[in-house]
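The values are calculated or read from the model by the stated rules, or taken from the named source; none is laboratory data. Predicted model only: the values in this text are computed from it and were never measured. Cβ: placed from backbone, ideal geometry, glycine included. Neighbour counts: every protein chain shown. Surface accessibility is based on the protein's heavy atoms, side chains included, excluding ligands, DNA and RNA. Shrake-Rupley method; radii C 1.70, N 1.55, O 1.52, S 1.80 Å.
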Amino acid sequence: MIFYDANDWSVLNILRYRGSVVPHACLWAFTSAALEATFRHTGFCQYYLVEIIDITRDGGSLTVVWGGFTAVLSMLLAARNSQSYRRFWEGARLVYMVRGEWFNCVSSLLSFCSVDPMKDAEVKHFQQILVRLASLLHGMALQHVCDVAEDSLEVLDMEGFDESSLEYLETVHDRCDVLIQWLQRLMVGARRKGIVDVPDPILTRSFQELSRGIVNLNNVRRIKDIPFPYPYHQIALLLLMVHWFVTPLLACLYINSAVLSTALVFTGQAGMWAVVFVANQMDAPYAATAVIIGVVAAVEVSSWVGFVPVET
């Protein structure tokens, strides 16, 4: 989880290593710059390439062609980065919508509870089970979409659940579907016993919020399970590798200054590869190091505990 001040434009933010794509981009840029230095040192461009390319005759055409190639590659990478950016924020929005729907559902059910003193014990038992189920459901939802260990997301204790139910929950493939069913049965049972004391049309709002949460969770799974289209990724990577190899050749051929040539190759390649690595990170908003899951999981237990005093 990476926290930083977006309004801080100091050098310290530039030098931060954790979460940065700069080291990986500089590694690829360094290899391209090293190729340029190798071509220049061995005289490959001066003695071999000039025999194939007549700079006086073909230099202008070659510049135009290479400029067009670079422009196409830049547009591909820009479109890739833009799509990844939208994917990232859509993933963040859906995760918070899941939590918001379920949070509001539980909040409404707690406010719908009967105030009859004769049902005080039943109401408290219902509230305890409800909050624990909601916490477990949200934790299982986050666990399903993020790439972390099973015991890394904290949830409320399972006090009040029988061992057979917990053992069954361990064996099912999709625990969220089972927990949704348990919650719905808990709500229906509480309505029949008078623990939830509101008209049925009002109670249906809680069912709708519960269902909208699972629908949003399925949209979250879609973002996690369906990667960026491979043909697009393959072509962009192929063109980028061509650019990585040919740029040192042309720089060695056209630029007389060795220092300037190496610096320009390094800078250009670092920018290209940085865009690629940024897109790759935004394509996986639910990765173990992503901000989204970390922020949501950090408020997981405290948010559900805030409803009622949890008895242990």
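With the full set of protein chains in place, find how many percent of the accessible area of segment 119-214 is carbon and sulfur; take the probe as 1.4 Å.
Here it works out to 49 percent.
Starting from 0.36 nm per residue, how many nanometres of slack lie between residue 111 and residue 38 once their C-alpha separation is accounted for?
Length difference between fully extended and current span is 18.9 nm.
Residue 31 to residue 96: FRET efficiency via 1/(1 + (r/R0)^6), r the Cβ-Cβ distance, R0 51 Å, to the nearest 0.05? Intermediate results must be reported in sequence, preceding the final value.
Numbers: r = 41 Å, r/R0 = 0.80.
Efficiency for this residue pair is about 0.80.
Report, in debye and to the nearest 20, how large the dipole of segment 107-192 comes out about its Cα centre when Lys and Arg carry +1 and Asp and Glu carry -1 on their Cβ.
Using only the charged Cβ atoms, the result is roughly 620 debye.
Give, in nm to one decimal, the length gained when the segment between residue 158 and residue 124 is fully stretched (0.36 nm per residue of separation minus the Cα-Cα distance).
10.7 nm
Roughly how many Å² is the accessible area per residue of segment 176-244, as a whole number, for a 1.4 Å probe? Each step should come with its number before you reach the end.
Numbers: 3870 Å² over 69 residues.
Averaged over the residues of segment 176-244, the accessible area is 56 Å².
Scan segment 158-206 for GluC sites (Glu not before Pro) in coil per DSSP, keeping those whose Cβ has at most 13 other Cβ atoms within 10 Å, and list them by number.
In loop regions of segment 158-206 (DSSP not H, G, I, E or B), the sparsely surrounded GluC sites (Glu not before Pro) are 159.
Note the full-extension length gain between residue 104 and residue 258 as 0.36 nm times their separation in residues minus their Cα-Cα distance, in nm to one decimal. Before the final figure, lay out each step's value.
Numbers: separation 154, 0.36 × 154 = 55.44 nm, distance 6.44 nm.
49.0 nm is the gain from fully extending residue 104 to residue 258.
Once the other residues with Cβ under 14 Å from the Cβ of residue 216 are scored (Lys, Arg +1; Asp, Glu -1), what is the net sum?
Value of the local net charge: +3.
Are there chymotrypsin sites (Phe, Trp or Tyr not before Pro) in segment 140-244 that DSSP puts in a loop and that have at most 15 other Cβ atoms within 10 Å, and which ones?
161
Below 22 Å, Cα to Cα, which lysines can residue 193 reach? Residues fewer than 8 away in the same chain don't count.
119, 124
In whole Hz and in residue order, list the ³J(HN,Hα) couplings for segment 94-102 that follow from phi through the Karplus curve 6.51 cos²θ - 1.76 cosθ + 1.60, θ = phi - 60°; x for Gly and Pro.
The phi angles translate into 5, 4, 6, 5, 4, 5, x, 5, 5 Hz.
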